[in-house]
1. Answer yes or no: is there a residue in the range 49-60 that is assigned to a loop (DSSP other than H, G, I, E, B), closer than 14 Å to Gly150 by Cα and modelled with pLDDT of 65 or more.
2. Out of all the residues in the range 153-181, which are more than 18 Å from Ala101 (Cα to Cα), within 13 Å of the chain's Cα centre (by Cα) and not aliphatic (A, V, I, L, M)?
3. Looking only at the range 151-169, count every residue that is part of a strand (DSSP E or B) and crowded, with 16+ Cβ neighbours inside 10 Å and tell me the total.
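The values are calculated or read from the model by the stated rules, or taken from the named source; none is laboratory data. Remember, predicted model here, so these are calculated numbers, not experimental data. Positions of Cβ are backbone-derived with ideal geometry, glycine not excepted, and every protein chain shown enters the neighbour counts.
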Amino acid sequence: MRPLIYTALAAASLLLTACETAPKVGSVSEPTYEQAQNNAFNLTNYNAVGELMRRYPTAPASSSNAPDSGYSAPFIVATLVNIDQLEQSSTLGRLISEQVASRMSQLGYGVLELKVRNGVYMKRNEGELLLTREIKEVASTHNAQAVIVGTYAESSNMVYVNLKVVNPASNLILAAYDYALPLDKQIHSLIRKR
């Protein structure tokens, strides 16, 4: 009888050990570097910049804004704002703006980095908010050919993003592009106010 008890205890011990080392059902594994490199969020924002710039009108040859035409006046990229509260942004708005500026630079466009310039309206924890009344002054001061502005709106399962290229002298929209991001845990964490 004793050998049977010892065998049962050994089997129970093995089962308990297996339960401890088995992965928990429903647990989320950490992302890999490869997954981070191919992140759909980054790619979606980069593609949006490509689409936006395809819609941007080509200037006459003497003052072309194309990246391969030599010097061109720079663009200014403003922080994307919450469509319901135009004086507020979030980590999401600031991150998309950073990615827009990065992608424009990668495509060969001149982009003015506002964070290293003096005299630009900076609201603490919001970023470079450029509202209509400020666009002309900032663009004139920095000799910008256009300003990229944008908004985002949160719905129950999506975040809708709008990007516009605005003529700083007339406030006319020269190009626009709309796209959506899934409101998953990643995006929700970027929108949440800290």
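1. Within the range 49-60, none of the residues are assigned to a loop (DSSP other than H, G, I, E, B), closer than 14 Å to Gly150 by Cα and modelled with pLDDT of 65 or more.
2. Within the range 153-181, just Tyr160 meets the criteria.
3. Of the range 151-169, the ones part of a strand (DSSP E or B) are 151-154, 158-166.
Right, trim to crowded, with 16+ Cβ neighbours inside 10 Å and you get 151-152, 154, 159, 161-166.
Of the residues in the range 151-169, 10 are part of a strand (DSSP E or B) and crowded, with 16+ Cβ neighbours inside 10 Å.
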